[in-house]
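The values are calculated or read from the model by the stated rules, or taken from the named source; none is laboratory data. Computed from a predicted structure; not experimentally measured. Because the Cβ atoms are built from the backbone with ideal geometry, glycine has one as well, and the counts that use them run over all protein chains shown. SASA here: full protein model, heavy atoms, side chains in, ligands and nucleic acids out. Shrake-Rupley method; radii C 1.70, N 1.55, O 1.52, S 1.80 Å.
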Amino acid sequence: MADGPLLRALFRAHLWASARLMPVLIGERDFEAVLKWAPLQSSTPYRGLPSSYIVAAVNRTVRHPWLMRDRRCLREGLLAHRFLRLAGFDPDLRFGVDPRSMQAPSLAAHCWVCLDGRPVVSDSLPGMVEIYRHHADTAKARAA
């Protein structure tokens, strides 16, 4: 489907509904269940939409979180990865931890989305050590 007003309207409605349902659907699930929101294989109903449009729409949609306030980067990252995939892009969702928080009562973790090796949603925070890369091409993920 070519980029046009109907495709953009469908995309925005799907993104809005997904952003509202995500906190309820992922809740306190384990890491593997959460990653199902970031599919490695998917159809491409939004092919033709530019990545910059998708990223801006995700950022706009999640800018005032009522739920998942303490996991904002996870919400942004999962939505961005999901919708970039649905548009035919090949993003990777990266996770990192702050090693200084390993002995703390609460682990400091962060996630971000990269496209062609460049961060497009969030970025690694200073001191973060990447611990996992969610990507369709495992050989590419291991080489990085």
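Taking only Cα atoms, what is the 0 to 90° angle, nearest 10, from helix 72-86's long axis to the longest principal axis of the chain?
40
Which of A17, P99, G48 sits farthest toward the positive end of the charge dipole of the chain, with +1 on the Cβ of Lys and Arg and -1 on the Cβ of Asp and Glu?
Checking the options against the dipole of the chain, the answer is A17.
Against the longest alpha carbon principal axis of the chain, how many degrees, from 0 to 90 and to the nearest 10, is the axis of helix 5-26 turned?
For helix 5-26, the angle is close to 30 degrees.
Can you give the FRET efficiency for A17 and A104, using 1/(1 + (r/R0)^6), R0 = 35 Å, r = Cβ-Cβ distance, to the nearest 0.05? Numbers along the way, then the final one.
On the way: r = 36 Å, r/R0 = 1.03.
E between A17 and A104, to the nearest 0.05, is 0.45.
When the accessible area of the chain is computed with all protein chains present and a 1.4 Å probe, what percentage of it is carbon and sulfur?
Reported share for carbon and sulfur atoms: 57 percent.
Ignoring ligands, DNA and RNA, what accessible area per residue does the chain give at 1.4 Å, in Å²? Let's see the in-between values first.
On the way: 8210 Å² over 144 residues.
Result: 57 Å² per residue.
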